[in-house]
Amino acid sequence: MALIKKREHSLRTLLLSYVVSLTVLSAISSLLILSLFSLSYRFGVVIPANQVESDLSAVRSDIETSKVFNPEILPDGTSYVFLTRDFKLKKSNMPVNLQEESLLNYQFKNAHGGIYGYFQSFERSDGIVIVNYQLSPRYRNAWMNQYFPNADLMMIGSMMVSILLIFVVLTFFYANKLRQQLRPILRATEKIAEQDLDFQTSRSTIKEFNQVLSGLDHMRAALRDSLMENWKAEQDKQNHISALTHDLKTPLTVARGNAELLAMTPLDEEQTDLLEHFQKGIAQVDSYVQELSELNKTSFKKTLTLGEVSVKDFVEDIYDQSLSLAQTKQINVTFDKKDIKKEIIGHWDRSLLNRAFMNIVSNALEHTPSGSQLFLTARVEEDEFTFICLDSGPGFSLESLEKATQLFYQEDKSRQSRNHSGLGLTIANDIVRLHHGSLSLSNCDNTGGAKVTIILPL
C-alpha cells in the first residue's frame with residue numbers, strides 16, 4: 001500500500017537540534033542571570049567586592065586624624081583591632097585568633113598569604129588601627145548576608161540549576177518526540193506479531209524510521225501473501241480430503257453390501273476364507289477413511305471450545321470406553337485413577353480430548369496381544385493432570401520414538417501391524433498441544449511395552 005507522505009528529516013538532524021537547543025537555551029539563561037545580577041549591582045542590592053576598599057579609602061583621613069577613634073565610621077563587613085604603639089590592645093571586635101593574625105600581617109606583611117582575608121592598617125597618633133575585610137560581593141541587606149550564599153556562588157549556582165533544568169526539560173521533550181516517532185514502528189510490529197496484516201503502515205517524520213517502516217511494510221505484504229497462499233493451499237487440501245473421503249464411502253458401501261450378500265450364499269472353505277480377508281480389507285479401508293475425516297476436522301485448530309470439565313467424570317468416561325474396546329480382544333484393563341476428587345476441574349475441550357485419549361488407547365489395544373494387560377494411570381498433582389497409557393506390546397523402536405507423532409508415519413519394525421494409517425498419534429499430539437500440554441513416548445523399563453504420557457494444565 002502507498003504510504004502517506006510527510007515532511008521528513010534525518011535522525012542526525014534531530015540530535016543536532018537537541019544539542020543546539022540545549023546550547024542556545026543554556027547561553028540565554030546564563031546571560032539573563034548575569035543581567036539580573038548586573039542590575040542588582042547597579043541598584044545596590046548587591047555590593048561589589050571592591051566596595052569595602054573604596055569605602056576605607058574614603059574614610060582613611062578620618063580614621064587617622066580624628067581625636068578619638070570611632071569604629072562606626074568603618075564600612076559594613078569589616079572588623080578591626082585598635083592597638084597602642086607598643087602593640088597592646090585598646091579595643092577590638094575581632095576574634096582573638098584574627099587579632100593575632102592582624103598583628104602578624106602588620107609586622108610581616110601578608111604572613112599567611114591572605115587566607116584570613118585582607119588587612120589595611122591606619123597610623124594614628126595614639127595607636128594603630130588594623131581593619132580586616134573580604135574581597136567578595138555582599139548583599140546590602142544584613143539578613144540576606146546571614147542566610148543567603150555568597151553573591152558569586154549564588155550567581156554560579158543559579159546558572160548551574162537553570163542549565164540542569166533546561167537539560168532535563170529538553171531531554172524529556174525530545175525523548176517524547178522520539179517515542180511518538182517510534183509508535184508507527186511499534187504498532188506495525190505488534191500487528192505483524194498478531195498476524196493482523198490488513199493495515200496501512202503509518203509514516204514517521206524521521207528518515208531512518210521511515211526506512212524501517214518501509215521494510216516492515218514490504219514484509220507485511222509478503223507475509224500476508226504467503227499466509228493467504230498457505231491458507232488457500234490448506235483449504236484446497238481439506239476440500240480434496242473431504243471430497244475423497246466422501247467419494248470413497250460409496251464404493252465402500254457397495255463393496256460391504258456385496259460382501260454381506262456373498263456371506264449369505266453357500267460357500268466352500270476357501271471361498272469363506274477369501275471372503276473374510278475381503279471383509280477385513282474393507283474394514284481397514286473404512287478405518288483409513290474415518291481417520292482421514294478426523295484429521296480433516298482437527299485441522300480447524302482455532303475452533304477449540306474450552307469449558308469446565310470434571311476431571312473425575314472425564315477419567316471415568318475414558319475408562320468405560322477403554323473397557324468396551326478391550327473386551328473385543330479379551331484384554332484386561334487396569335486403571336489406576338484413585339485420589340482424583342470430584343471438585344477438580346479442567347478447562348478443556350472435552351470432545352477433542354476424548355478423541356485424543358481414545359486414539360492413544362485404541363492404538364495401544366491394537367498392539368497389545370489378546371489375553372494380556374493394558375495399564376492406564378491418571379493423576380492430578382498441583383495444577384497438572386497426567387495420563388499414562390502402557391501396553392503389553394513390543395514397544396516403540398528408536399526411529400518411532402522420534403517420528404511416531406509425524407503425519408502418516410507408520411512403524412513396521414517393532415510394532416508389526418499394518419492396520420493403521422499413522423494418524424492416531426498425530427491427531428492426539430495436535431489436540432494435546434492445542435491445550436498447551438505435552439505428549440511424550442517411551443518404552444517401559446520393566447515390560448518393554450510402549451508408554452505414552454500426556455500432561456495437561458488444568
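The values are calculated or read from the model by the stated rules, or taken from the named source; none is laboratory data. No experiment lies behind these values; they were computed from the predicted model shown. Heads up, the Cβs are rebuilt from the backbone with ideal geometry, glycines too, and the neighbour counts pull from every protein chain shown.
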(request) Test each condition in (1) surrounded by 15 or more Cβ atoms within 10 Å (Cβ to Cβ); (2) in contact with a helix residue (DSSP H, G or I) (Cβ under 9 Å, 6 or more places away or on another chain) for Arg224 and report the one that comes out false. (result) (2)
(request) Determine whether the stretch 370-390 contains at least one residue that is charged (D, E, K, R), assigned to a loop (DSSP other than H, G, I, E, B), at pLDDT 80 or above and under 20 Å from Asn446 (Cβ atoms). (result) no
(request) Please give the number of the condition Pro75 fails out of (1) surrounded by 15 or more Cβ atoms within 10 Å (Cβ to Cβ); (2) on the phi < 0 side of the Ramachandran plot; (3) in contact (Cβ under 8 Å) with a residue 60 or more places away in the chain; (4) not in a helix (DSSP H, G or I). (result) (3)
(request) From the list Ser92, Ser17, pick out the single residue that is in contact with a strand residue (DSSP E or B) (Cβ under 6 Å, 6 or more places away or on another chain) and either closer than 22 Å to Tyr106 by Cβ or not acidic (Asp, Glu) (or both). (result) Ser92
(request) Taking Thr253 as the residue in question, decide whether it is of a type in the set (Val, Ile, Thr), outside the structural domain of Val289 (by TED's automatic domain parsing) and at pLDDT 75 or above. (result) no
(request) Look at Asp317 and say whether it is part of a helix (DSSP H, G or I) and of a type outside the set (Lys, Arg). (result) yes
(request) Might you check whether a residue that is of a type in the set (Val, Ile, Thr), modelled with pLDDT of 85 or more and surrounded by 13 or more Cβ atoms within 10 Å (Cβ to Cβ) occurs anywhere in the stretch 12-34? (result) yes
(message) Of all residues being among the polar types (S, T, N, Q) and buried (at least 16 other Cβ atoms within 10 Å of the Cβ) in the stretch 178-201, which is farthest from Arg220 (Cα to Cα)? Just the residue, please.
(response) Gln181
(request) Give me a count of the residues in the stretch 50-72 that are buried (at least 17 other Cβ atoms within 10 Å of the Cβ) and either more than 29 Å from Met154 (Cα to Cα) or among the small types (Gly, Ala, Ser) (or both). (result) 2
(request) Kindly indicate whether Phe357 is assigned by TED's automatic domain parsing to the domain that holds Val452, at pLDDT 80 or above and in contact with a Leu (Cβ under 8 Å, 6 or more places away or on another chain). (result) no
(request) Could you grab the pairs with beta carbons closer than 9 Å, sequence gap of 6+ or different chains, first residue in the stretch 136-156 and farther than 19 Å from Arg42 by Cα, second one modelled with pLDDT of 75 or more? (result) Phe148/Tyr139; Phe148/Asn141; Phe148/Met154; Pro149/Gly157
(message) Test of understanding: among Gln181, Gln200, which residue is out of contact with any Gly (no Cβ under 8 Å at 6 or more places or on another chain) and not assigned by TED's automatic domain parsing to the domain that holds Leu15?
(response) Gln200
(message) Checking Thr84 against (1) over 22 Å from Ser162 (Cα atoms); (2) of a type in the set (Val, Ile, Thr); (3) exposed (fewer than 15 other Cβ atoms within 10 Å of the Cβ); (4) out of contact with any Lys or Arg (no Cβ under 7 Å at 6 or more places or on another chain), only one condition comes out false. Which one?
(response) (4)
(request) Look through the stretch 172-191, keep the residues that are polar (S, T, N, Q) and free of Cβ contacts under 8 Å to residues at least 24 places away in the same chain, and return whichever of them is farthest from Leu15 (Cα to Cα). (result) Gln180
(request) Being modelled with pLDDT of 85 or more, among the polar types (S, T, N, Q) and touching a Leu at 6+ places or on another chain (Cβ under 7 Å) narrows it down to one of Asn176, Asn132, so name that one. (result) Asn132
(message) Checking the condition out of contact with any Pro (no Cβ under 8 Å at 6 or more places or on another chain), at pLDDT below 80 and outside any loop (DSSP other than H, G, I, E, B), which residue from Gln211, Gln181, Gln146, Gln200 passes?
(response) Gln146
